[in-house]
Amino acid sequence: MLDKYNFKESEPKWEKFWQDNKIYSFDKNSKKEIFSIDTPPPTVSGKIHIGHIFSYTQADFIARYKRMMGYNVLYPFGFDDNGLPTERLVEKEFGIRAHEMSREEFREKCMQTVEKYEQEFKQLFIRDGISSDWDRVYNTISPRVQKLSQKSFLDLYKKGKAYYGEKPAIWCPECQVSIAQAELESKDIASTFNHIKFFIEHSDEYLEIATTRPELLCACVCVFVNPEDKRYAPLVGKNVKVPLYNFYVPVLTDEKADIDKGTGAVMCCTFGDETDLLWQQKYNLPIKEAITDGGRMTALAGKYEGLKTKKAREDIIADLKENDLLIKQEEIVHAVATHERCGTPMEIKIKKQWFISLVDDKKSFLENGEKINWYPSFMYGRYSNWVDNVDRDWCVSRQRYFGVPIPVWYCKKCGKIITPEEDELPVNPLVSTPKKACECGCTEFIPESDVFDTWQTSSITPQINAMWGEDDEMYKKLMPMSLRPNAHDIIRTWDFYTIAKSHYHSNCLPWKNVMISGFVMADKNEKISKSKSNSKMSPETLIDEKSADVTRYWTSTGSLGRDIIFSEEEFKNGAKLVNKIWNASKFVLSFLENYEPTHTQLLPMDEWIIAKFNDMQKHFIAYFEKYEIGLAMSELERFFWNFCDNYIEITKNRLYKPEIYGEKAKQSAQFACFVTLKEMLKMFAIYLPHITEEIYQSYFKKFDKEISIHQCKLSPIEIKTPQNIAVSGDEVCEIVSQIRRYKSENNLSLKEEVSELTVQGYSDFIKRVEYDIKAVGNVKEIIYRDGDKFVGIKVEK
RNA sequence: GGGAGUUUAGCUCAGUUGGUAGAGUACCUGCCUUACAAGCAGAGGGUCAUAGGUUCGAGUCCUAUAACUCCCACCA
């Protein structure tokens with residue numbers, strides 16, 4: 001009944017079948033316990049790479065497992081399709097820049113692009129066998145989600161957790177946008193420490209100052225030295241001359257000036273650096289802006305105006321040299337905070353922006369994080385480490401275009417912040433106006449033109465999935481969600497912000513469990529590069545060439561939270577397994593044609609395999625409950641190979657020759673084969689949904705009411721087996737193994753007849769299964785003896 | 001500088017509460033066994049990173065150390 005397995009035909013066929021029959025739909029009205037998954041919405045910024053497949057497939061294992069354990073599984077899908085990454089993709093695709101066209105025109109292009117990619121993404125995930133409910137797909141740019149995102153913001157505003165303020169914000173001069181602390185990435189950058197002469201007023205002496213940013217000389221407002229630093233004590237209170245610009249600044253003291261760093265004297269520029277801004281506030285120093293939003297020098301820089309900072313730095317160094325103001329240069333490598341998207345070193349700018357409070361509530365965020373089960377548990381450490389170190393509120397204003405608009409206007413006359421009513425949402429303040437006049441009577445408003453940071457929206461994915469404000473009953477039922485799966489790189493963003501939002505909105509946890517997956521590395525210490533991910537490691541290629549099931553198998557070999565090196569070897573193992581499952585099923589089922597499963601008196605070895613199966617399944621479930629998908633799989637795999645190499649080998653004689661062993665012996669084997677294969681396939685279905693469905697449909701389905709194997713429940717085989725049967729059966733395998741070893745060592749064929757087998761020191765169980773041992777080893781006679789355990793083999797040639 | 005993870009066979013990794021070191025793979029040997037040669041059977045291969053400690057007994061528990069990786073801080 002089973003012929004050759006052709007995954008290229010079979011896999012798409014079943015994928016369509018699952019979609020057509022809505023096998024993975026969430027049943028809103030079901031009474032079953034809900035298991036809900038807060039699926040990561042992939043960022044629409046390019047291609048899906050193998051890392052996504054790795055992480056998403058691992059989550060899919062959980063979804064399928066829970067479904068088979070009888071849960072009503074809510075497994076939605078989403079796309080994070082707004083924000084800077086998407087804009088950059090669109091700019092690249094069309095070869096345009098967002099600011100060169102109207103907002104509407106650009107947004108239109110974004111929508112087109114996003115739609116195209118989302119179709120591709122969706123097809124790929126379906127092709128990988130991801131069992132999401134594709135009727136429950138959300139897009140962060142959709143009106144529905146925009147509404148929820150704005151609702152979230154207004155809720156925070158009402159609660160005093162979102163505020164509008166002028167404060168130092170992290171600025172990316174390349175992307176020309178403010179960014180959040182979480183979007184920074186430390187990078188080691190080679191730089192030069194320039195030792196520069198600051199001449200002391202009314203003196204020929206100079207103060208030596210070391211700086212990596214001489215282009216900021218024009219913004220210098222003072223020089224700081226440490227109050228304990230004896231070297232500079234005489235200079236404190238005096239003025240020094242800023243080189244090239246020739247204006248004077250005072251020498252002041254502050255503890256933050258590090259005696260050991262540079263020369264111990266530091267110039268303060270009230271711009272571009274955290275400490276500088278701190279000093280600005282502490283000493284109320286004048287603010288001098290040296291750099292434009294686009295990363296060019298301002299008029300303050302004099303002749304360097306308009307130059308990019310890097311070029312200005314080079315020119316200034318040249319000029320300092322020429323004027324004998326440069327003492328020496330030191331090559332250094334220092335960690336610089338850069339924008340993770342483009343790698344450009346950040347600047348600090350003072351801007352009026354919207355912020356969400358984080359710093360004041362760190363304690364709650366830590367407590368809530370602790371209440372969540374993190375798998376693996378040490379990943380909570382990464383979360384708490386981040387929260388501990390958060391030292392600025394979350395700037396959510398983005399001076400961009402393709403995002404959720406910040407729903408506020410400012411009164412033209414009194415500046416009051418006007419927000420829309422909830423039933424007006426989603427609102428684009430650039431298009432619509434407030435319904436009422438301002439309290440001051442003014443009817444003219446300035447619309448906010450910024451959009452939200454995309455995390456502002458994606459941090460409410462539990463609320464989106466749980467129908468916040470749309471279906472109160474569902475919301476209560478679904479929150480907190482059961483599981484958040486994601487990779488370790490976004491603990492500090494997605495996980496953190498989501499925990500913060502749920503705390504602020506509903507004073508609850510967003511989910512009960514978090515499952516953290518690792519990264520796929522191209523090689524040791526080598527992340528996946530564009531070129532690699534486009535070639536042999538691309539998910540499309542792997543699924544096309546090796547099948548989705550084999551690709552999925554590979555993802556099960558990874559250990560939770562740990563990075564994995566991409567290895568073709570593991571794909572080979574998966575291919576072998578799939579092939580073996582096919583062959584074993586084909587073989588077993590060939591003895592089950594026209595078979596009516598009826599409970600018969602079982603022979604010992606048939607009881608043995610059932611007992612072994614039930615043991616294995618217990619371990620399998622225990623591992624899954626701990627989200628240990630890889631260990632669960634290896635448990636199942638080991639059982640399966642044992643089933644093939646020992647059980648089938650033993651039992652096939654009875655199946656082939658009922659005329660020798662009896663009809664009842666055949667029926668016993670048939671029954672054990674039937675139930676064990678069926679239950680085993682259900683467990684494999686979690687990992688290998690396609691091939692298992694193919695086998696299920698071609699045979700087992702006719703005994704079941706379920707449409708698909710993926711609607712079956714995992715269950716133990718409900719057959720009572722004798723107490724020590726598992727151990728006794730293993731002893732049989734041990735004896736069989738001895739026979740095989742003897743033949744192998746003596747270069748004999750395995751079917752060679754053993755004229756006499758001596759079994760010494762084994763239990764009486766062996767006698768009860770003598771016919772099986774004789775058959776599998778081709779043994780003529782067995783002699784039983786007492787004494788120490790020993791197996792003797794005699795072959796007459 | 002703070003924190004985390006890892007270190008077990010040539011390679012990739014298991015090893016639950018302490019009780020004689022495991023799997024897969026590679027290598028080698030044999031076997032075309034009435035499912036599968038993409039198969040089957042078998043052999044060799046390890047001071048469990050190092051040094052101490054607790055214990056009758058430590059891969060496992062404790063203390064140091066080292067190496068590798070990651071997260072965070074460090075931007076004068």
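The values are calculated or read from the model by the stated rules, or taken from the named source; none is laboratory data. Given the structure is predicted, the values throughout are model-derived calculations rather than measurements. Note: ideal-geometry Cβ built from the backbone for every residue, glycine included; neighbour counts use all protein chains shown. These area figures cover heavy atoms from the full protein model, side chains too; ligands, DNA and RNA do not enter into them. Shrake-Rupley method; radii C 1.70, N 1.55, O 1.52, S 1.80 Å.
Summary of computed values
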| item | result |
| --- | --- |
| Wholly within region A:472-523, strands (runs of 3 or more DSSP E) carrying at least 1 residues that are within 12 Å of RNA strand B (Cβ to nearest atom) and within 10 Å of the chain's Cα centre (by Cα) | A:481-487, A:511-517 |
| Any chance A:Met467 is modelled with pLDDT of 95 or more and crowded, with 21+ Cβ neighbours inside 10 Å | no |
| Residue within region A:751-771 that is under 51 Å from the mean Cα position of the chain (by Cα) and either of a type in the set (A, V, I, L, M) or within 15 Å of RNA strand B (Cβ to nearest atom) (or both) present | no |
| Given (1) at pLDDT below 95; (2) open to solvent by 20 Å² or more (accessible area, probe 1.4 Å); (3) of a type outside the set (A, V, I, L, M), number of the condition A:Gly558 does not satisfy | (2) |
| Residue in region A:167-189 that is open to solvent by 10 Å² or more (accessible area, probe 1.4 Å), over 30 Å from A:Pro40 (Cα atoms) and not charged (D, E, K, R) present | yes |
| Extreme residue, modelled with the lowest pLDDT, among residues of region A:525-550 that are more than 17 Å from the chain's Cα centre (by Cα) and either crowded, with 24+ Cβ neighbours inside 10 Å or closer than 25 Å to A:Tyr383 by Cα (or both) | A:Asn525 |
| Residue satisfying condition, being touching a strand residue (DSSP E or B) at 6+ places or on another chain (Cβ under 7 Å) and assigned to a loop (DSSP other than H, G, I, E, B), within set A:Pro250, A:Pro243, A:Pro286 | A:Pro243 |
| Unmet criterion (only one of (1) more than 25 Å from A:Ser728 (Cα to Cα); (2) modelled with pLDDT of 95 or more) for A:Glu628 | (2) |
| Subset tally (residues that are surrounded by 23 or more Cβ atoms within 10 Å (Cβ to Cβ) and more than 7 Å from RNA strand B (Cβ to nearest atom)) for region A:266-275 | 4 |
| Residue that is farthest from RNA strand B (Cβ to nearest atom) [pool: residues in region A:311-347 that are of a type in the set (S, T, N, Q) and over 30 Å from A:Leu89 (Cβ atoms)] | A:Asn323 |
| Counted residues, region A:250-265 - those being open to solvent by less than 40 Å² (accessible area, probe 1.4 Å), more than 42 Å from the chain's Cα centre (by Cα) and within 10 Å of RNA strand B (Cβ to nearest atom) | 4 |
| First in region A:485-496 and within 19 Å of A:Tyr627 (Cα to Cα), second anywhere and assigned to a strand (DSSP E or B) and of a type in the set (S, T, N, Q), Cβ under 8 Å, 6 or more apart | A:Pro485/A:Ser517; A:Asn486/A:Ser517; A:Ala487/A:Ser517; A:His488/A:Ser517; A:Asp495/A:Asn486 |
| Subset of region A:694-729 [without any contact (Cβ under 8 Å) to a residue 40 or more places away in the chain and within 16 Å of RNA strand B (Cβ to nearest atom)] | A:Val727 |
| Subset of region A:107-166 (residues that are within 21 Å of the chain's Cα centre (by Cα) and among the hydroxyl-bearing types (Ser, Thr, Tyr)) | A:Tyr117, A:Ser131, A:Ser132, A:Tyr138, A:Thr140 |
| Helices (runs of 4 or more DSSP H) completely within region A:648-752 that count 3 or more residues being open to solvent by less than 10 Å² (accessible area, probe 1.4 Å) and closer than 30 Å to A:Gln58 by Cβ | A:663-687, A:689-698 |
| Residue, farthest from RNA strand B (Cβ to nearest atom), within region A:562-589, restricted to residues that are small (Gly, Ala, Ser) and either within 17 Å of A:Met680 (Cα to Cα) or open to solvent by less than 10 Å² (accessible area, probe 1.4 Å) (or both) | A:Gly574 |
